[in-house]
Amino acid sequence: MTHLLILGGTTEATALAHAVHEAGVTATFSYAGRVARPKRQPLPTRVGGFGGVEGLKRYIADHGITHVVDATHPFAAQMSTNAVGACDTTPLLALSRPQWTAQTGDTWTHVPSIAAAVAALKGPPRNVMLAIGRMHLDAFAPMPQHDYLLRLVDAPDGDVPLPKTHIVVDQGPFTVDNDIALMRDHNIDVIVSKNAGGSGAQAKIIAARSLGLPIIMIDRPRIPNRAEVGSVAAVMDWLAHDTDRGV
Ligand SMILES: NC(=O)c1ccc[n+]([C@@H]2O[C@H](COP(=O)([O-])OP(=O)(O)OC[C@H]3O[C@@H](n4cnc5c(N)ncnc54)[C@H](OP(=O)(O)O)[C@@H]3O)[C@@H](O)[C@H]2O)c1
């Protein structure tokens, strides 16, 4: 019998959970546990790391998992790499979204990593919107001259390692109008963003375009080759036919 494991934490993973539930497929949803109030899922849900590749292999064996769908965020490279390592005999499919590409009116500086984004902020003080989540704030400590606007899903646990910050706690969904207002209110000069792709976090990209603001765009991390599809329907098709149809 099919028992699907969904590695979640994204809008796409939630959409897949609903489709799987409606189709009556046995499935378990997995969260890393980073967010205080994660979205409730219509599936049995587990929370927390598996313990690396070996831990995930053990979980798959112990729970009779027959299929794994990696629907994690494109920047969750460790989890995705572990899934490839653990699924040597278990069918694995990634549900991914295309990355954003610059359009007319965009001024993007592409950087390959968080460290490179930090380096790109060298220079006189500016008002910087850091739209990268709270995990990597420490990395920006070497650039204390800027005034940082941090939009976070949860309030920070402890002190933020940056002297000048404005914190907005908001889980979204975000709209272009609200993001334009936010950027105007804080006189933002530049935005730092991961190239997440998808629609959930895109409002800030469109808002920056309409205000003519530059973006320091962090490219996606590399993930080992795996079968990949771009829609929930394609995952359902894969499950139904039990064949690897990915790229
Ligand atoms: N990175 C982002 O920008 C971002 C943005 C939005 C949402 N998210 C979501 O937040 C979660 C964590 O992201 P991250 O960048 O910290 O991941 P990561 O660096 O790739 O993962 C670090 C470790 O967290 C655990 N983990 C990650 N995702 C998991 C999941 N869905 N279920 C169980 N364990 C998981 C694994 O621990 P073990 O090795 O112990 O198994 C993994 O090795 C992901 O589920 C992702 O979809 C991330």
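Just a few scattered comments:
- With respect to the stated conditions, ILE180 is over 23 Å from GLY9 (Cβ atoms), open to solvent by less than 60 Å² (accessible area, probe 1.4 Å) and among the hydrophobic types (A, V, I, L, M, F, W, C).
- Residue under evaluation GLY64, criteria (1) more than 9 Å from the ligand (Cβ to nearest atom); (2) assigned to a helix (DSSP H, G or I), criterion not met: (2)
- Residue match in segment 222-241 (condition: under 18 Å from GLU12 (Cβ atoms), in contact with a Phe, Trp or Tyr (Cβ under 9 Å, 6 or more places away or on another chain) and open to solvent by less than 40 Å² (accessible area, probe 1.4 Å)): yes
- None of THR104, THR90, THR81 is part of a loop (DSSP other than H, G, I, E, B) and surrounded by 14 or more Cβ atoms within 10 Å (Cβ to Cβ) except THR90.
Here is a yes/no grid of residues against (1) modelled with pLDDT under 95; (2) in contact with a His (Cβ under 6 Å, 6 or more places away or on another chain); (3) of a type in the set (Val, Ile, Thr):
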position	(1), (2), (3)
ALA201	yes, no, no
ILE205	no, no, yes
GLY212	no, no, no
ILE216	no, no, yes
GLU228	no, no, no
SER231	no, no, no
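- Residue in segment 35-46 that is within 16 Å of the chain's Cα centre (by Cα), near the ligand (Cβ under 9 Å from one of its atoms) and either surrounded by 15 or more Cβ atoms within 10 Å (Cβ to Cβ) or under 26 Å from ASP219 (Cα atoms) (or both) present: yes
- Residues in segment 6-49 that are touching a residue at least 60 places away in the same chain (Cβ under 8 Å) and assigned to a strand (DSSP E or B): 2 in all.
The values are calculated or read from the model by the stated rules, or taken from the named source; none is laboratory data. Predicted, not measured: the structure shown is a model, and the values here were computed from it. Every residue, glycine as well, gets a Cβ built from its backbone with ideal geometry; the counts of neighbours run over all protein chains shown. All accessible areas refer to the heavy atoms of the entire protein, side chains included, with ligands and DNA or RNA removed. Shrake-Rupley method; radii C 1.70, N 1.55, O 1.52, S 1.80 Å.
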